[in-house]
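Colleague: I'd like to ask you about the structure that follows.
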Amino acid sequence: MVQSSQAVPAVAKRKRSYFARKPLQSFLALAIGVMLVLFIVIPILFVLVRSFGGADGFTLDYYRNFFARPYYYRALINSLTLATTVTSILVVFCFMYAYIVARLPRGIIATAMRSIAMLPLLAPPFIFSISLITLGGRRGLISQVLANLFGIEFSIYGWTGVILAQCIGLFPLGFMMLENVLRSMDLNLEEASADMGAGQWRTLWSVTIPLMMPGIMKAALLVFIKSIADFATPMVIGRGLPFLATDAYLLVVGQHNMEMAAVLATFLIMPTMLIFFVQNYVLKDKARTTIGGQAGGTARIKMNPLMKGLFILCSFISALFIVSAFGVVFWSAFVVIPGVNNTFTLAHFSTRTGVQALVTSLKIATSAAFFIAFVAMIQAYLNLRLKVPGSKIKEYLALFGMGVPGTVIGIGFILTFNQQPFKLTGTMFIIVMAIMCQYLGVSLEAGISKLHQIGPSMEEASWDMGASKAMTFFRVVLPLMGSSFLYGLIFTFMSAMTTISAVIFLVYPGTTLAAVYILQVAEQGAIARAAAMSVVLITIVALSLFILNRFTARTHLSRL
């Protein structure tokens, strides 16, 4: 009994002394943990709490109102229908496109197809609504041709426009994940199936797709989350169709009905939480079914002519839609009134408000990119190398924040940081933190994946030579993680320049962002001016990526 009583204090002493023995990493871990709780957990909790009432106390009246009004019920059904439809279409077309790209020899054709697939990342997703309106609006180019030649009245507004615009905008998400899975597969399995007499269609259904299923499901889940959270596209081209994200935004901005907006945001969170659970706990253990091996870019299997023709046709249609959407945006920016007065003009580019919005976006995107990439590398190191207590929980929170719809984050930030003691609204800092909530998880996972590839021997050698852990991190680990750092930097910068769902709630009078400004102009019907600002935004993002890629190539950081 005496030994037992002495052992307990000894264990407690060892636990207490961890923070005393490692003060720097303990402080960093605590700071990151507080940041994640404050800017991810608390805002979501505020949304859930506010949905049950405001100053008058607990009530279920707002939920009763939701189910009592057919409009809100239709918004829920429409949101689920839209997300399911867009996900189904994109999984099929992205699979065929990725299959063709992954099986092509590395060369100019594969590079061109991959570049086309990635183009929508350069612009806010709702930009493609502008293209579709120019083509298929009431006075659109295609609408006028159909009316003049065949007497057919055609309008892209409504379901058709929303689905097409989301499919174009979200295409890169599905393509990137599926191409990565295809390139990591072992082609020997497909060759073995062919050697045993199976046709290529049977090999596709019996071997390729089952092996890819975890990747297919993750791509589908990611597209589903982004689709259901998109409020800007239905707002521009939906023509009054009710959707949860759009109506939540209008309740906040138009009516300042925070309780009802919180109810709609809660219904947006529910499928997200279910999807997050499935992706991180059900599919995570099945990732081993995708077998890494010979690169998929040099397939030795000759494709079935019918299958090859179908896949190439669908890939061509996908590429045509993407290129046409961008082409129409660029064309609309240089004419007086697209489809009505096609005289060349540069007048749409002369807007002081738009220039100020672009400058603000560059400041915020640059700040957010460096901050998030650096925090992600620190957390990855604390998680994988130093084994700081609570690291797994922080990784979970970062990934969860990535899956929460931006509309929910924006509403949660207003409820949390628009009052004391954390009144932060009206500052650039709160916008940076909203971006952090959405994109920290991507950089963190990139850092963890890179650390798995780096052996600890160099760090141990540095410690043996007397360097501290902090000096080792900055002089040894961080340079070795250069590629993942740049990946997080580039991804965050692109996303911050084009994001809108969360930040639109947080812009303050006199200061706006480029994507928010473009949406406001498009809502007013000034399609050409919105297109002009979109061209400038796309050009800036593309130029920034080019500079970063050149820097990466010259410093050889991409090889680290």
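Colleague: Within the stretch 91-165, list the trypsin sites (Lys or Arg not before Pro) lying in a DSSP loop whose Cβ has at most 15 other Cβ atoms in a 10 Å radius.
Modeller: Answer by residue number: R106, R138, R139.
Colleague: Only helices at least 30 Å long along their axis, Cα-based, and averaging 1.6 or more on Kyte-Doolittle count here, so list those DSSP H runs from the chain.
Modeller: Answer set is 305-333.
Colleague: If you average 1/r over all unlike Cα pairs in the stretch 476-547 and invert the result, what Kirkwood radius do you get in angstrom?
Modeller: This gives a value of 14.0 Å.
Colleague: Once the Cα atoms of the stretch 59-345 are picked out, what are the Rg and Dmax in Å?
Modeller: For the stretch 59-345, the Cα-based Rg and Dmax read 21.7, 66 Å.
Colleague: Restricting to Cα pairs below 8 Å that are 6+ residues apart, what does the relative contact order work out to for the stretch 59-345? Please round to a whole percent.
Modeller: 31 percent
Colleague: Just report the Cα centroid separation between the stretch 512-545 and the stretch 70-114, whole Å.
Modeller: 24 Å
Colleague: Please state the Cα pair-distance histogram of the chain with 10 angstrom bins from zero: what percent is in each bin?
Modeller: 3, 16, 25, 26, 18, 8, 3, 1, 0, 0
Colleague: Relative contact order (percent) for the stretch 418-560, with alpha-carbon contacts under 8 angstrom and 6 or more residues of separation?
Modeller: It rounds to 28 percent for the stretch 418-560.
Colleague: Follow-up question, since we're still on this one. So what is the relative contact order of the chain, in percent, for Cα pairs below 8 Å that sit 6 or more residues apart?
Modeller: For the chain, the relative contact order is 21 percent.
Colleague: Here's another thing I want to ask about it. Please give me, ordered by residue number, the trypsin sites (Lys or Arg not before Pro) of the stretch 371-439 that lie in loop per DSSP and have at most 16 other Cβ atoms within 10 Å.
Modeller: Counting only loop positions with at most 16 other Cβ atoms within 10 Å, the trypsin sites (Lys or Arg not before Pro) in the stretch 371-439 are K387, K423.
No value in this document is a laboratory result; all are computed from the given coordinates. Please read all numbers here as calculations on a predicted model, not as lab measurements. Glycine also receives a Cβ, built like all others from the backbone with ideal geometry; neighbour counts cover every protein chain displayed.
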